[in-house]
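Visitor: I have a structure I would like to understand better, so I am pasting it below and will then ask my questions one at a time.
What follows draws every value from the coordinates through simple rules; no lab data is involved. Small disclaimer: the values here were computed from a predicted structure and weren't measured. FYI the Cβ positions are ideal-geometry reconstructions off the backbone, even for glycines, and counts take in every protein chain you see.
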Amino acid sequence: MSWRGILEAYRSFLPVGEKTPVVTLLEGNTPLVFAPRLSRRIAPDAKVYLKCEGLNPTGSFKDRGMTIAISKALERGAKAVICASTGNTSASAAAYAARAGLACFVLLPKGKIARGKLAQALMSGAQVIAVKGNFDAALDLVRGVAEEHPVAVVNSVNPDRIEGQKTAAFEIVDALGEAPHYHFIPVGNAGNITAYWKGYREYKQAGKARRLPRMMGFQAAGAAPVFYDAPVKKPETVATAIRIGNPASWQAAKVALAQSNGLIDIVTDEEILETQLWLAVNEGVFVEPASAASVAGLLKSASRHHHPDCPLAAEVRASLIPASPIIVCTVTGHGLKDPDIVAHHKMKAVTVRATKGAVLEAMGLA
Ligand code: AN7
């Protein structure tokens, strides 16, 4: 049978009923891509997979949450939805609201949104409001407006979002036949790590998996409130998607980290960019900077020499890592979201005259 989106695929695990309208763009069912070169960098017998969430309809994992949030908003009779966003939530909300025929308002931190995401929100007809402040300020404003006006909030403070996003964990277990030993994931507003942990727990409860993974969360060093256990007033990182100083799902993420015996750590912008380029060059997978944080975190964790204090590195030394570890990294958004990032990598085309000689010279064959 052809794919009908996450709501139909996992209906019995989701807060939907027979009367819930199904607003879908056929999100989910994203590729779990084996990464051979990355696996070899971790350990000779490691198996590392990339859950490529950039293959969703609007190019990020947000669509899983949005299909449920917008379907439920419609069921409750909403006429308008609102969200604050570092970009991807707004792109997804705009598309699903358009599909549902709902008005959509998005509050974005002015000047800090990747170009592709802004284009998506505008092109789907959302009312885009650029706020002279960061994401945290925009989310506060959204909450304030929604208290006084009948607009449904579709940020991940809305539990329907978490419900939808947990289906990525279901898909991973369905594909592997078991949960991985480790799950690496970027952390911004902390909704996704919360959602995956919920999904893994529910699937184990249902007898679909025997084990639970350790949740390994990574924040950008300049925007790492969960790691430092304190809000960051002026978060800064090249990974604009996770430029968040006061995450909404902070407490739930702490529970996921504690219950799964996981860890929260940081990666620098340099590590993020280096990993983004390495993945594209060596695995053919082009992801946005925030998404590279999970893989950068894996590389940091597995490095015995550079980070001797890291718990995972200690486990490697003590051989506590299971033989043949199975590791999944969620890469949350597509590289096309943020085309301006090439400037950071100093990659550019060479321009030549339209002659075979000039082309051969550029190819190094002259
Ligand atoms: C590509 O769009 O918060 O920890 O407003 O776009 O669940 O917040 C985006 C977050 C990781 C972090 N990777 O996930 C928003 C927004 C990408 C993202 C995250 C985001 P959470």
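Visitor: Which of HIS344, HIS334, HIS181 comes first, and how do the rest follow, when ranked by fewest Cβ neighbours within 10 Å? The partial results should precede the final answer.
Guide: Numbers: HIS344 15, HIS334 22, HIS181 18.
Lowest to highest Cβ neighbour count: HIS344, HIS181, HIS334.
Visitor: Right, here's the next one. Using just the helices of the chain, give the 222 nm mean residue ellipticity in deg cm²/dmol: DSSP H runs with n ≥ 4 each add -39,500 (n - 2.57), and the total is spread over all residues, rounded to 500. Could you put the intermediate results ahead of the total?
Guide: On the way: 16 runs with 154 residues, N = 366.
Helix contribution divided over all residues of the chain: -12000 deg cm²/dmol.
Visitor: To the nearest 20 debye, what charge dipole does the chain have about its Cα centre, counting +1 at the Cβ of each Lys and Arg and -1 at the Cβ of each Asp and Glu?
Guide: Working: 41 positive and 31 negative charges, 53 e Å.
Dipole magnitude for the chain comes out near 260 debye.
Visitor: Please figure out what share of the DSSP beta bridges in the chain is antiparallel and state it in percent, rounded to the nearest 5.
Guide: Working: 5 of 36 bridges.
So the antiparallel bridges in the chain amount to around 15 percent.
Visitor: Using Cβ contacts closer than 10 Å as the measure, can you line up SER294, SER324 from fewest to most? Write out the running numbers ahead of the final one.
Guide: Numbers: SER294 26, SER324 11.
Taking fewest neighbouring Cβ atoms as first place, the list is SER324, SER294.
Visitor: Now for a separate question. Going by how many other beta carbons lie within 10 Å of each one, how would you line up SER249, SER85, fewest first? List each step's numbers first, then the result.
Guide: Details: SER249 24, SER85 29.
The order, fewest Cβ neighbours first, is SER249, SER85.
Visitor: If the chain between ARG37 and LEU360 were fully stretched, how many nm would it gain, using 0.36 nm times the residue separation less the Cα-Cα distance? Intermediate values should be presented prior to the final figure.
Guide: On the way: separation 323, 0.36 × 323 = 116.28 nm, distance 3.08 nm.
Here the segment from ARG37 to LEU360 would lengthen by 113.2 nm.
Visitor: Could you derive backbone 3J(HN,Hα) for the range 186-192 from the dihedral phi with the Karplus parameters 6.51, -1.76 and 1.60 (θ = phi - 60°), listing whole Hz in sequence and x where the residue is Gly or Pro?
Guide: Karplus-based 3J(HN,Hα) across the range 186-192 equals x, 10, x, 7, 6, x, 6 Hz.
Visitor: Moving on. For GLU288, what residues show an amide H to amide H distance below 5 Å, using hydrogens built from the backbone and excluding near sequence neighbours?
Guide: Those qualifying (amide H under 5 Å, at least 5 residues apart or on another chain) are GLY333, HIS334, GLY335.
Visitor: Anyone know which of PRO31, PRO109, PRO150 comes out most mobile in the 10 Å Cα GNM of the chain?
Guide: Sorting by GNM fluctuation, first place goes to PRO150.
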